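Everything below concerns the one structure shown next.
The values are calculated or read from the model by the stated rules, or taken from the named source; none is laboratory data. None of the values given here were measured: they were computed from a predicted structure. Glycine also receives a Cβ, built like all others from the backbone with ideal geometry; neighbour counts cover every protein chain displayed. Surface accessibility is based on the protein's heavy atoms, side chains included, excluding ligands, DNA and RNA. Shrake-Rupley method; radii C 1.70, N 1.55, O 1.52, S 1.80 Å.
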Number of protein chains: 4
Amino acid sequence: MGDRIRAGIVGFTGYSGAELVKILERHRQVEPVLLEHRTRTEDETSFLDGHLQRLPWGDEALRDGGLAVVFFATPHEVSLELVPKALDAGLKVIDLSAAFRLRTVGNYQRWYNLEHNRPDLLAEAVYGLPEYFRNVTKVARLVSNPGCYPTAANLSLRPLVIEGVLDREAGVICDAKSGVSGAGKKLSPRTHFSAVTQNFSAYAVLVHRHVPELLLTSDVEEHELSFTAQLLPVHRGILETIYVRTAESMSYDEIAAIYRKVYNDEPFVRIFPEGELPDLQTVNYTNFCDIGIKADPKTKRVVIVAAIDNLVKGAAGQAVQNMNLVLGLPETEALL
Amino acid sequence: MGDRIRAGIVGFTGYSGAELVKILERHRQVEPVLLEHRTRTEDETSFLDGHLQRLPWGDEALRDGGLAVVFFATPHEVSLELVPKALDAGLKVIDLSAAFRLRTVGNYQRWYNLEHNRPDLLAEAVYGLPEYFRNVTKVARLVSNPGCYPTAANLSLRPLVIEGVLDREAGVICDAKSGVSGAGKKLSPRTHFSAVTQNFSAYAVLVHRHVPELLLTSDVEEHELSFTAQLLPVHRGILETIYVRTAESMSYDEIAAIYRKVYNDEPFVRIFPEGELPDLQTVNYTNFCDIGIKADPKTKRVVIVAAIDNLVKGAAGQAVQNMNLVLGLPETEALL
Amino acid sequence: MGDRIRAGIVGFTGYSGAELVKILERHRQVEPVLLEHRTRTEDETSFLDGHLQRLPWGDEALRDGGLAVVFFATPHEVSLELVPKALDAGLKVIDLSAAFRLRTVGNYQRWYNLEHNRPDLLAEAVYGLPEYFRNVTKVARLVSNPGCYPTAANLSLRPLVIEGVLDREAGVICDAKSGVSGAGKKLSPRTHFSAVTQNFSAYAVLVHRHVPELLLTSDVEEHELSFTAQLLPVHRGILETIYVRTAESMSYDEIAAIYRKVYNDEPFVRIFPEGELPDLQTVNYTNFCDIGIKADPKTKRVVIVAAIDNLVKGAAGQAVQNMNLVLGLPETEALL
Amino acid sequence: MGDRIRAGIVGFTGYSGAELVKILERHRQVEPVLLEHRTRTEDETSFLDGHLQRLPWGDEALRDGGLAVVFFATPHEVSLELVPKALDAGLKVIDLSAAFRLRTVGNYQRWYNLEHNRPDLLAEAVYGLPEYFRNVTKVARLVSNPGCYPTAANLSLRPLVIEGVLDREAGVICDAKSGVSGAGKKLSPRTHFSAVTQNFSAYAVLVHRHVPELLLTSDVEEHELSFTAQLLPVHRGILETIYVRTAESMSYDEIAAIYRKVYNDEPFVRIFPEGELPDLQTVNYTNFCDIGIKADPKTKRVVIVAAIDNLVKGAAGQAVQNMNLVLGLPETEALL
């Protein structure tokens, strides 16, 4: 026990942070240490968490806490302020916020109305989508953990983009549906039980902060993309229905072959056989990204159905996957 | 249209108030007038309500608004402040809050920690449970609309208490379950979608503000009653499972006969046949109180299962039923 | 009471049929008569329905039952067999099944694998979408009530198609989501509570029986349309997110003006103001079709968000609207 | 991998069986082997299970399958037929059905209307509630895994019964609420999504097959117990609200002390501090039984709120806990 690697967590009361703690409790080489950055409210305190290690956030914890890595499951403004301190203390960082996901300060100006003061870290940060950036993640100091919508969208789109089979003129339509945990724990009339149950609503049509991130990694152009974010009456899970056209007529087998080539050795991407499609229940509480394909060679239309658990592959699970890479541990530890 | 009776509504943005508006829109003799007591937030405003009549709350509306009756679907502190103004203006009042439900200022001290300054109105207010107080309601100036839990409990218990068949020593256990709308629209970590969905929790065990009201009308003594309030992952509906013992051995038929005698002509109480029990779906969106009975003559145990829609028979529907009585209209108008 | 018009209902135990009974119970000129076509199972029988009028289905009921109109909320095979009998008896018919929705026997062969033996009735049947076919419905003998998905899709698409503003090359993508009641009451592993709750799944991608009907009325061509049907963890409600492009750059105001021109006097279609979108809660338990619009003039993309209650405007409500037309009654009676 | 202990599972497609497979996949010393006892339906087959080991059920699997233990997650009739074969083959058995839970053939006659033909196995079977029967379980050949309702009820009641503090005259009322998975995967109108969502219903009042089992272990007498089983609109979880009276006036601290003495070293029972109560979210996806206490010394009333995940501590988790005991492995392996 005593010789396990210690991983700090800032922001452990939110959904992603709590999920991170739960995953790390199953990890055989790493143990979680809660870094208390603010006073918890009564609702955030339970005797059930009494067994967890805690340290007050601060220089002392960073210097003498015996930590190897720190996770930030905090709002992007908080990450922007605190992450540099952890880096300065010589620790590795996995940031689950959007603070270091976009590459330019201009993007933060435009999409977040934020003066980003650390272009150096934007340049340094590695975008932690292991299926594409595993090698650079292994040697990274700062890993920017992908957003939930872009994780599913990029894993779905990128093989077709790379292979060059899309009809770019026809564009890409991503009709995305997410569970409520994607909106975080903050109270809002929109996440009151009675506003969500027996309901379904579109809350971001053609405009969403995840769009630049989605574009960045998928290599789709902004004018090509139509993105809609919708709220499902479920706690967790994302399903994206993605509509594209291929330049040439292609069958299920031909398209699936492209995905299988790219993801053949990936432990967390599963390509579904013809006629089967993933849903939230195939992925929830797992780190999988499940991908189903429906093709109509006659009209060259292709529909991709991709599902992830937004709190696992879309947040905490992928963060642990990245931590495993950063620390040189088996990539799937605590995740299968 | 123009010669319909005008009914004011204060507190029309909450669940009960909105339900009240909806019911009154179906009423053939009455039309709703929204009395705006405070500025609505953006979430409370929708173009869909554009067709409704509105007046700013105040002396002018009360004097010249052409109103015959005013509903208050407001917190009890607000009702305590505003109801007297409406009465002073010569209007009839149906108050959906607890402000005038208990008969003594002592009860408000004890259960609400409130200095009640209108003992005169406590004495005057009629407790609006039509099945028992129809006649006094018809001539009342101020009707105090019953709480949701007590409505179901009193309609279930009172026949057995009146008939004197209970083993009072054995006590009364009321295991109550309510949908989230019972907690109102106010934001709280307890009513966040993710805290409620796939969950069930007891939030008031042996202590609840509805207890004195429940006792008042059922004639059960405080030391006899054990009441538990629990939160169901549904928007609306209350189901109460009530455990009593009879002094003598009694069959389903004998117990049902007692209920049938009391409720024979009641339009909104339904006694279920042996072997059938009500549930939320038999009552939701209706003004019914459904009562099922299970008796074990061997052990003298009786279990009553009572269900109501907390927003209808437990609030807005019963309020309209009371309004119909107060205004001399057919009691079931807009409610069947 | 005795001089109300009598409307028979075949198939009153299903979701649409039960909804129909409930709506007709609120109707001031019409009363429902249940036509018992088969023996009900125990689960379909409740003492709560004891007050309803019943007649055994058959020649006697059709001839001497005093009926003016008969609704069929039955599977299409049953409708195909029984509807002609009601017509032969001189009654008007509103059929909620798909039996007479498509115009050619070829379509039934292709989409339903069905030998349709009544091309004469296909030719005669009026497609009961009142917003477009009100006048012919008024004089119809047989009204074919639209399917739920096509109702929302056609009301959304047709104004843009008629006005000729669409980029037809870009096609139409309809990403549709429906509550479980859309699948009917028949037991299936797919509609078991545990398979649906906390889940979301696509069950028909690029292929669905509602496609030909959708095409028929919207005047979109088959190769232009991409339709996906998905299952929401809710009981009722349909929301469709529809993606099109306009040939020329168009603003919200320009597009909304087209809808407002077409639906200006329609009692059941509401066009949402810019920035507001409908959801299931704005339409459930109502006969409205709510339409929201999001336009991006730069890319010429337009996203239409349309919502209906699949059991009301998508079935029983629209059926009553059609009955009102057929019987010369006020079109909105029992529906507002 | 090759030298792991092999555990067979009969009935792996049901909820408990599937949960068992999932738990065993996390086990470090044991690996699951699916024993195919009947042909799976299409709905029970998915390419996602392709990695699991399978053997056809039969003498060959039992003799040469290298199995040490077999789990039966089958209906009790099936267990009654198959369990003896596994025992005859010299294997240990954990049976999750009710086939061997009651001690006498008379009980099966009365509660299951079943001629039980193996009184010898009823006599031999160990009731697998580890908190009370750990020692005999360790040396058992046949472990009868407890039912879900009795697990929570017995863990809650037995300390008070043993300590002799209850007012036995006052009886025990157990108001139990369960998620839908407790009813199994079999299709029924009662478990259709639309019958359960936004609903809550009592389905067994004063009579339930779990009663004899509950009595057996808690040492409560039948005439003392009032048990109600109710259906929650959730997939998993049981919460029981249990009402008793103490013979003498007792405080929370005194009652909690009794529980703490009994469960002090138990890894899977948590006694909640005063003022905190468990709910489904504190136990779901865990093997914990959480117990909260509310006492009113004035009236001697005590309310116990107990929660378990019916599929884990109420079925598969407890079964693995029992397997760990039977095989001499660490009791909490795969369960924390």
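Just a few scattered comments:
- Unique match (being out of contact with any Asp or Glu (no Cβ under 9 Å at 6 or more places or on another chain) and touching a residue at least 24 places away in the same chain (Cβ under 8 Å)) among D:LEU114, D:LEU121: D:LEU121
- C:VAL262, sole failed condition from (1) touching a helix residue (DSSP H, G or I) at 6+ places or on another chain (Cβ under 6 Å); (2) open to solvent by less than 10 Å² (accessible area, probe 1.4 Å); (3) among the hydrophobic types (A, V, I, L, M, F, W, C): (2)
- Tally of residues being open to solvent by 50 Å² or more (accessible area, probe 1.4 Å), closer than 30 Å to A:THR286 by Cβ and either outside any loop (DSSP other than H, G, I, E, B) or of a type in the set (Val, Ile, Thr) (or both) across the range D:276-301: 1
- Count of residues meeting criterion [charged (D, E, K, R) and open to solvent by less than 20 Å² (accessible area, probe 1.4 Å)] in the range A:14-25: 1
- Among all positions in the range B:216-223, there is at least one residue which is at the interface with another protein chain (Cβ under 9 Å from one of its Cβ atoms) and farther than 27 Å from D:LEU232 by Cβ.
- Residue among B:ALA18, B:ALA73 that alone is touching a residue at least 12 places away in the same chain (Cβ under 8 Å) and of a type in the set (Gly, Ala, Ser): B:ALA73
- Some residue of the range B:260-277 being within 10 Å of chain D (Cβ to nearest Cβ) and among the polar types (S, T, N, Q): no
- Between B:LEU206, B:LEU239, the distinction of being of a type in the set (A, V, I, L, M) and modelled with pLDDT under 95 belongs to B:LEU206 only.
- Qualifying residues in the range A:41-75 (those that are at pLDDT below 95 and open to solvent by less than 60 Å² (accessible area, probe 1.4 Å)) - the one nearest to A:VAL320 (Cα to Cα): A:LEU52
- If you go through the range B:225-235 and keep only what is open to solvent by 10 Å² or more (accessible area, probe 1.4 Å) and more than 7 Å from every other protein chain (Cβ to nearest Cβ), you end up with B:LEU225, B:LEU231.
- Count of residues meeting criterion [surrounded by fewer than 24 Cβ atoms within 10 Å (Cβ to Cβ) and either in contact (Cβ under 8 Å) with a residue 60 or more places away in the chain or touching a Ser or Thr at 6+ places or on another chain (Cβ under 6 Å) (or both)] in the range B:76-96: 6
- When B:ALA295 is tested against (1) touching an Asp or Glu at 6+ places or on another chain (Cβ under 7 Å); (2) within 16 Å of B:TYR259 (Cβ to Cβ), just one condition goes unmet, and that condition is (1).
- Of the listed requirements (1) crowded, with 19+ Cβ neighbours inside 10 Å; (2) more than 9 Å from chain D (Cβ to nearest Cβ), B:LEU239 misses just one: (2).
- Single residue of the range B:172-190 satisfying the filter (crowded, with 22+ Cβ neighbours inside 10 Å and over 20 Å from D:ALA202 (Cα atoms)) that is nearest to the other protein chains (Cβ to nearest Cβ): B:SER181
- Condition check for C:VAL105: over 12 Å from the mean Cα position of the chain (by Cα), closer than 21 Å to C:VAL207 by Cα and of a type in the set (A, V, I, L, M, F, W, C): yes
- Per-region count, the range D:104-117, residues surrounded by fewer than 16 Cβ atoms within 10 Å (Cβ to Cβ) and not in a helix (DSSP H, G or I): 4
- Residue count for the range B:217-237, restricted to those that are in contact with a Ser or Thr (Cβ under 7 Å, 6 or more places away or on another chain) and under 14 Å from B:ALA202 (Cα atoms): 6.
- Residue ID - nearest to the chain's Cα centre (by Cα), chosen from residues in the range C:54-99 that are charged (D, E, K, R) and under 15 Å from C:VAL33 (Cβ atoms): C:LYS92
- Here A:ARG28 fits the description: in a loop (DSSP other than H, G, I, E, B), within 30 Å of D:ALA334 (Cβ to Cβ) and open to solvent by 30 Å² or more (accessible area, probe 1.4 Å).
- Of all residues in the range B:1-13, those being surrounded by 21 or more Cβ atoms within 10 Å (Cβ to Cβ) and more than 15 Å from B:ASN322 (Cα to Cα) number 3.
- Any chance C:ALA316 is crowded, with 24+ Cβ neighbours inside 10 Å and either at the interface with chain A (Cβ under 9 Å from one of its Cβ atoms) or at pLDDT below 95 (or both): no
- Candidate set: the range B:193-210, residues that are more than 10 Å from chain D (Cβ to nearest Cβ) and open to solvent by 10 Å² or more (accessible area, probe 1.4 Å); chosen: the one farthest from B:GLY147 (Cα to Cα): B:HIS208
- Residue identified as touching a Phe, Trp or Tyr at 6+ places or on another chain (Cβ under 9 Å) and aliphatic (A, V, I, L, M) among B:LEU67, B:LEU62, B:LEU52: B:LEU52
- Every condition in (1) at pLDDT below 95; (2) surrounded by fewer than 22 Cβ atoms within 10 Å (Cβ to Cβ) is met by D:GLU213 except one, and the failing one is (2).
- Cβ-Cβ under 8 Å pairs, at least 6 apart or on other chains, the range D:322-336 side modelled with pLDDT under 95, far side surrounded by 21 or more Cβ atoms within 10 Å (Cβ to Cβ) and part of a loop (DSSP other than H, G, I, E, B): D:LEU336/D:ASN287
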